[in-house]
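Asker: Below you'll find the structure I mean.
The values are calculated or read from the model by the stated rules, or taken from the named source; none is laboratory data. Computed from a prediction, not measured in an experiment: that's the story for all the values here. Virtual Cβ from ideal backbone geometry, glycine too; neighbours counted across all protein chains shown. Note: accessible area is taken over every heavy atom of the protein model, side chains too, but ligands, DNA and RNA are not part of it. Shrake-Rupley method; radii C 1.70, N 1.55, O 1.52, S 1.80 Å.
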Amino acid sequence: MLKCSCTTRNLTSSQSYNKPKVDKDKKETWQCETCKNEFSNESDKIITCEYCDECYCSKCLKLTPDQYEVFMNPALHWFCHNCENKVMKNIRTDREVEVRCTEFLQAMENRVKSLEAEMVNKVDRDTVKTIVKETLGEDTIDMTDFKESVSKQVTEIRESSIREKNIIIHGIKEIDDSDSSTRKQRDTNYVKELAEFIDTDSSGIKNVTRIGKRPTTDTEDLDGIPKPRPMKVVWSDTEAKRSFMKKLPNLKSVDEHSKFFGISIKHDMTKEEREMHKKKVLEAKEKNTKEKSGNFLHLVRGPPWAPRTVRVRKNT
């Protein structure tokens, strides 16, 4: 797959970020990810995936000398077969965000044009106010507020899209180690083991981080134990995250002595999405108190940007 700017041996400036560290007395070597052969001569034809930084020799890629010369162009990007789908999914996601924002702005523009059309022959102040209220809503009269509202909605859509592949896990204990890489590796292993425990694929885990500052004595709970920070897990794509979330019901049977007991897993939501979700939870609780049959539960379901309450039979 060719798409603008690849990295080849001593061809482009981007290579300098990917060079392996070597001793001054030793020659720099590059290992082909496919054949595992090592290359160290300046004449060797090596291409590096711009996404994962793995190297591939021209022989394994079956490139002719002329084809290899094409990669000399710094305006080209190249991704290996393992990364191509990931990159394309990211591109599609970015495009979807752009389309959603465009559609939203177009809808706002149409509403404004509708307002202008209604006001062509009406100059009475009170009449104008009434039309504005009917078109844009009771609380939106000032055009400055209107523009700020549009900008806020666009920002919300973008932030929601960025968080779409993330989940937040609460209740996972932290190890007391000063080395951040050790702590990160431990957390990553925990999430992988969790994925295996609920019988889903862990290969889609892209990054695992803790949110906020490390716990101190100021953040201890009633037992004097520092409260663990929430853990953010970033998945390679929304499908990997969706597969993981679908398997969460398997945690219901976890033993109280298990390392996975007592944790909670949620979508990574924006502030507005959290407020919306909170309202839906209260709505579900209110419906449960009014449920007369006793055979059903009202639960909150759906994506963060469109939560809804659903009525389900108990023990299902």
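Asker: Of everything in region 277-316 that's open to solvent by 80 Å² or more (accessible area, probe 1.4 Å) and under 30 Å from Val234 (Cα atoms), which residue is nearest to the chain's Cα centre (by Cα)?
Answerer: Trp305
Asker: Could you tell me which of the residues Lys152, Lys113 is under 32 Å from the mean Cα position of the chain (by Cα), basic (Lys, Arg) and either modelled with pLDDT of 65 or more or in a helix (DSSP H, G or I) (or both)? Give the steps one after another, and end with the answer.
Answerer: Details: Lys113 fails: under 32 Å from the mean Cα position of the chain (by Cα).
Exactly one of Lys152, Lys113 is under 32 Å from the mean Cα position of the chain (by Cα), basic (Lys, Arg) and either modelled with pLDDT of 65 or more or in a helix (DSSP H, G or I) (or both), namely Lys152.
Asker: For region 260-276, does any single residue satisfy the condition of being part of a helix (DSSP H, G or I), closer than 17 Å to Pro303 by Cα and open to solvent by less than 30 Å² (accessible area, probe 1.4 Å)? Even if it seems obvious, please write down each step before you answer.
Answerer: Initial filter on region 260-276 (part of a helix (DSSP H, G or I)): 271-276.
Imposing the further condition that a residue be closer than 17 Å to Pro303 by Cα reduces the set to 271-276.
Now drop any that are not open to solvent by less than 30 Å² (accessible area, probe 1.4 Å), which leaves 273.
Checked region 260-276: at least one residue is part of a helix (DSSP H, G or I), closer than 17 Å to Pro303 by Cα and open to solvent by less than 30 Å² (accessible area, probe 1.4 Å).
Asker: Say we look at region 56-72 and pick out the residues that are among the hydroxyl-bearing types (Ser, Thr, Tyr) and out of contact with any Cys (no Cβ under 8 Å at 6 or more places or on another chain); which of these is surrounded by the fewest Cβ atoms within 10 Å (Cβ to Cβ)?
Answerer: We begin by selecting, within region 56-72, every residue among the hydroxyl-bearing types (Ser, Thr, Tyr); these are 56, 58, 64, 68.
Subset that is out of contact with any Cys (no Cβ under 8 Å at 6 or more places or on another chain): 58, 64, 68.
Details: Ser58: 19, Thr64: 9, Tyr68: 16.
Filtering region 56-72 for residues that are among the hydroxyl-bearing types (Ser, Thr, Tyr) and out of contact with any Cys (no Cβ under 8 Å at 6 or more places or on another chain), the one surrounded by the fewest Cβ atoms within 10 Å (Cβ to Cβ) comes out as Thr64.
Asker: In region 167-197, what residues are assigned to a loop (DSSP other than H, G, I, E, B), buried (at least 16 other Cβ atoms within 10 Å of the Cβ) and not hydrophobic (A, V, I, L, M, F, W, C)? Talk me through it step by step, then tell me what you get.
Answerer: Taking region 167-197 first, the residues assigned to a loop (DSSP other than H, G, I, E, B) are 171-179.
Restricting the remaining residues to those that are buried (at least 16 other Cβ atoms within 10 Å of the Cβ) gives 172, 174.
Once the filter is applied, which keeps residues that are assigned to a loop (DSSP other than H, G, I, E, B), buried (at least 16 other Cβ atoms within 10 Å of the Cβ) and not hydrophobic (A, V, I, L, M, F, W, C), region 167-197 yields only Glu174.
Asker: In region 89-115, which residues are open to solvent by less than 60 Å² (accessible area, probe 1.4 Å) and closer than 29 Å to Ser236 by Cα?
Answerer: Once the filter is applied, which keeps residues that are open to solvent by less than 60 Å² (accessible area, probe 1.4 Å) and closer than 29 Å to Ser236 by Cα, region 89-115 yields Asn90, Thr93, Val97, Val99, Cys101, Phe104.
Asker: For Val123, are the conditions met, namely being open to solvent by 80 Å² or more (accessible area, probe 1.4 Å), out of contact with any helix residue (DSSP H, G or I) (no Cβ under 8 Å at 6 or more places or on another chain) and modelled with pLDDT under 80? Show your work before the answer.
Answerer: Working: open to solvent by 80 Å² or more (accessible area, probe 1.4 Å): yes; out of contact with any helix residue (DSSP H, G or I) (no Cβ under 8 Å at 6 or more places or on another chain): yes; modelled with pLDDT under 80: yes.
Yes.
Asker: Which one of these is modelled with pLDDT of 80 or more, assigned to a strand (DSSP E or B) and of a type in the set (S, T, N, Q): Gln67, Gln31?
Answerer: On the way: Gln67 fails: assigned to a strand (DSSP E or B).
Among Gln67, Gln31, only Gln31 is modelled with pLDDT of 80 or more, assigned to a strand (DSSP E or B) and of a type in the set (S, T, N, Q).
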